[in-house]
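K.L.:
Quick one: this structure, given as structure tokens, is what I'll be asking you about.
The values are calculated or read from the model by the stated rules, or taken from the named source; none is laboratory data. Here the structure is a predicted model, which means the values were calculated and not measured. Heads up, the Cβs are rebuilt from the backbone with ideal geometry, glycines too, and the neighbour counts pull from every protein chain shown.
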Amino acid sequence: MYEVELKVRAVHDPVREQLAAMDADHVGRVTQVDTYYDAPDRDFAATDEAFRVRHEVDDDDGAGDGGRALLTYKGPLVDDRSKTREEAETRVADEEAIRDILGGLGYDPAATVRKERDRYEVADCRVTLDRVVDLGEFVEVEHHEAVAEDDIDAARETVTDLLVDLGLDPGEAIQTSYLGLLLAQQQ
């Protein structure tokens, strides 16, 4: 299945106002810490892949459960107009154990991305207002469901239309991941 999304650099307040005018559903805020790994058998930067462990905590979660961990693989981008890529993700019951397993297999932590995300749902899309440490504010519009390869074009059109409705320019879409942006900034 494929993740279809567009990401732009944008100030959040005008987008929040537009989301309110559209009666978007606010679905929550989360804080995420993504640890990306280098593989022992290939260079993910060269193959345009990513492999990470995400620790995520709901900001409005009064239960104090410590959050959850997700293991994610992202394949190479499939086009030059969006951030569409194959994605596989699963929840991990024991975050420390998965990190130990990865280390035992030769996967080394490469970089960490920290962000706060404010999420909304509109029609078939999720709109995420991201504040990324050391990078600033971004808006991601993603098709709500992962899509089959035959449905990528239609999903990309839906995402593009919503980005325009939010007053944002699809021509300013950034295909580089937050990890890539952080690494480029450090060079």
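K.L.:
Hey, could you check region 148-187 for residues that are among the β-branched types (Val, Ile, Thr) and farther than 22 Å from residue 54 by Cα and say which is farthest from the chain's Cα centre (by Cα)? Break it down into steps so the answer makes sense when it comes.
P.N.:
Taking region 148-187 as the starting set, the residues that turn out to be among the β-branched types (Val, Ile, Thr) are 152, 158-160, 164, 174, 176.
After this cut, where a residue has to be farther than 22 Å from residue 54 by Cα as well, the list is 152, 158-160, 164.
Numbers: 152: 17, 158: 18, 159: 14, 160: 17, 164: 20 Å.
Step by step, filter region 148-187, then rank; the result is 164.
K.L.:
Also: It is to be established whether one or more residues within region 148-161 are in contact with a strand residue (DSSP E or B) (Cβ under 8 Å, 6 or more places away or on another chain), surrounded by 19 or more Cβ atoms within 10 Å (Cβ to Cβ), in a loop (DSSP other than H, G, I, E, B) and among the small types (Gly, Ala, Ser).
P.N.:
no
K.L.:
Return yes or no: is residue 30 touching a residue at least 40 places away in the same chain (Cβ under 8 Å), surrounded by 13 or more Cβ atoms within 10 Å (Cβ to Cβ) and part of a helix (DSSP H, G or I)? Give the steps one after another, and end with the answer.
P.N.:
Details: touching a residue at least 40 places away in the same chain (Cβ under 8 Å): yes; surrounded by 13 or more Cβ atoms within 10 Å (Cβ to Cβ): yes; part of a helix (DSSP H, G or I): no.
No; evaluated as a whole, the condition is false for this residue.
K.L.:
Being part of a loop (DSSP other than H, G, I, E, B), surrounded by fewer than 17 Cβ atoms within 10 Å (Cβ to Cβ) and basic (Lys, Arg) is the requirement here; does residue 81 meet it? Lay out the reasoning, then the answer.
P.N.:
Numbers: part of a loop (DSSP other than H, G, I, E, B): yes; surrounded by fewer than 17 Cβ atoms within 10 Å (Cβ to Cβ): yes; basic (Lys, Arg): yes.
Spelling it out, residue 81 is indeed part of a loop (DSSP other than H, G, I, E, B), surrounded by fewer than 17 Cβ atoms within 10 Å (Cβ to Cβ) and basic (Lys, Arg).
K.L.:
Among 48, 43, which is the only one that is surrounded by fewer than 17 Cβ atoms within 10 Å (Cβ to Cβ), under 17 Å from the mean Cα position of the chain (by Cα) and modelled with pLDDT under 95? Even if it seems obvious, please write down each step before you answer.
P.N.:
Numbers: 43 fails: under 17 Å from the mean Cα position of the chain (by Cα).
None of the others qualify; the one that does is 48.
K.L.:
Scan region 1-39 for residues that are within 17 Å of the chain's Cα centre (by Cα) and among the basic types (Lys, Arg) and jot them down. Spell out the reasoning first.
P.N.:
We begin by selecting, within region 1-39, every residue within 17 Å of the chain's Cα centre (by Cα); these are 1-10, 12, 27-37.
Those that are within 17 Å of the chain's Cα centre (by Cα) and among the basic types (Lys, Arg): 7, 9, 29.
K.L.:
Within region 84-112, can you find the residues that are among the β-branched types (Val, Ile, Thr), surrounded by 12 or more Cβ atoms within 10 Å (Cβ to Cβ) and either within 16 Å of residue 36 (Cα to Cα) or more than 18 Å from the chain's Cα centre (by Cα) (or both)? Don't jump to the end; show me each part of the working.
P.N.:
Pass one, region 84-112, residues among the β-branched types (Val, Ile, Thr): 84, 90, 92, 98, 101, 112.
From what is left, the residues that are surrounded by 12 or more Cβ atoms within 10 Å (Cβ to Cβ) are 84, 92, 98, 101, 112.
Passing the criteria: 92, 98, 101, 112.
K.L.:
Hey, residue 145 hits all of (1) assigned to a helix (DSSP H, G or I); (2) of a type in the set (Asp, Glu); (3) surrounded by 12 or more Cβ atoms within 10 Å (Cβ to Cβ) but one; which does it fall short on?
P.N.:
(1)
K.L.:
Another question, if that's okay. Tally time: how many residues in region 115-136 are buried (at least 16 other Cβ atoms within 10 Å of the Cβ) and of a type outside the set (A, V, I, L, M)?
P.N.:
Final tally of qualifying residues: 9.
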